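Asker: First, the structure itself, so that you have it in front of you.
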Amino acid sequence: MFIPNLLSAESGSETIVKAHIIVVEDEPDLREAVAEYLGASGYDVATAENAAEARNLIEAQSFHLAILDIAMPGEDGLSLGRWLRSKTQTGIIYATAAGTALDRIVGLELGADDYIVKPFELREVLARVRSVLRRVPQPTAPQAAKAETGTRRFMNFGGFRADFDGRLVTGANGAVIEMAKSEFDVLEVFLTRANRLLTRSAISEAIGFVEDAESSRAVDIRIMRLRKKIEADPANPKFLRTVRGEGYIFSLPTSDSN
């Protein structure tokens, strides 16, 4: 049974952190319906009717996930999401009107974790919230990991080092490679399945996407962004290679190890 809380280790014991969600939507009835449904499902939910109100809440509180309406008066959801992504690791789900595929693609390019098309059923919102929260780093994870350094999972590739528990990648000089959660999700799929051909369908399934044309496009976008960050020449990748007509393969030399 799914429990809508995040568990973290603290001083040898478990601390329950209730998942905190912000719903930003200019339609009052829809905003309150989503908030009420998620609240009844066990989440701690805050709401905002516009981007300005959302910014104030986000500056004052920490959220695990934000559901952002794209088409809002004034500052739109895409702009708000770009600002949010630059400041925090909060998960982002965009809500977009039916037929606006361009908005969905732009949102994914900006680092969104998922999107949902209006009109939607509240059960679908809950399913997508659960999926994204499974991939959201716990706010207390860095502190908890200090006592478990010896058991953390790492993998080296080229001059990079991926920390699966801390969910970050560092370069040869130790500098952190800025990477959205959605990008790290895809990288982890490849690293844990190195030197194996992966179809777009397999990648989508591994990161919790429903297989369709949009999810395939989303996978391609994430791979394109990954290449820009880990490849010396993204146009001629050393690690993340395309197998035309079949999918992708992450080439990991046997000398690289955890």
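Asker: Please determine, by comparing only the residues of region 135-164 that are in a loop (DSSP other than H, G, I, E, B) and modelled with pLDDT of 80 or more, which one is nearest to W83 (Cα to Cα).
Answerer: F164
Asker: Among the residues of region 220-242, which ones are open to solvent by 40 Å² or more (accessible area, probe 1.4 Å) and touching a residue at least 24 places away in the same chain (Cβ under 8 Å)?
Answerer: K229, K238 - these are the residues of region 220-242 that are open to solvent by 40 Å² or more (accessible area, probe 1.4 Å) and touching a residue at least 24 places away in the same chain (Cβ under 8 Å).
Asker: Follow-up. Among the residues of region 55-74, are any more than 19 Å from the chain's Cα centre (by Cα), under 23 Å from S131 (Cα atoms) and surrounded by fewer than 17 Cβ atoms within 10 Å (Cβ to Cβ)?
Answerer: Yes; the residues of region 55-74 include at least one that is more than 19 Å from the chain's Cα centre (by Cα), under 23 Å from S131 (Cα atoms) and surrounded by fewer than 17 Cβ atoms within 10 Å (Cβ to Cβ).
Asker: Separate question: Please determine, by comparing only the residues of region 167-179 that are open to solvent by 10 Å² or more (accessible area, probe 1.4 Å) and touching a helix residue (DSSP H, G or I) at 6+ places or on another chain (Cβ under 8 Å), which one is nearest to D114 (Cα to Cα).
Answerer: So, considering only residues that are open to solvent by 10 Å² or more (accessible area, probe 1.4 Å) and touching a helix residue (DSSP H, G or I) at 6+ places or on another chain (Cβ under 8 Å), the one nearest to D114 (Cα to Cα) is M179.
Asker: Please tell me if E183 is on the phi < 0 side of the Ramachandran plot, open to solvent by 10 Å² or more (accessible area, probe 1.4 Å), within 16 Å of the chain's Cα centre (by Cα) and touching a residue at least 12 places away in the same chain (Cβ under 8 Å).
Answerer: No: the conditions fail for E183.
Asker: If V23 satisfies every condition in (1) modelled with pLDDT of 95 or more; (2) in a helix (DSSP H, G or I) but one, which is the exception?
Answerer: So the condition that V23 fails would be (2).
Asker: Given the criteria at pLDDT below 85 and of a type in the set (A, V, I, L, M), does A98 qualify?
Answerer: Considered against the rule, which asks whether it is at pLDDT below 85 and of a type in the set (A, V, I, L, M), A98 comes out as yes.
The values are calculated or read from the model by the stated rules, or taken from the named source; none is laboratory data. Quick caveat, the model's predicted, so the values are computed rather than measured. With ideal geometry, Cβ positions are generated from the backbone for all residues, glycine too; neighbour counts draw on all protein chains shown. Ligands, DNA and RNA are stripped out before the accessible areas are found, and what is left, the full protein with its side chains, is counted by its heavy atoms. Shrake-Rupley method; radii C 1.70, N 1.55, O 1.52, S 1.80 Å.
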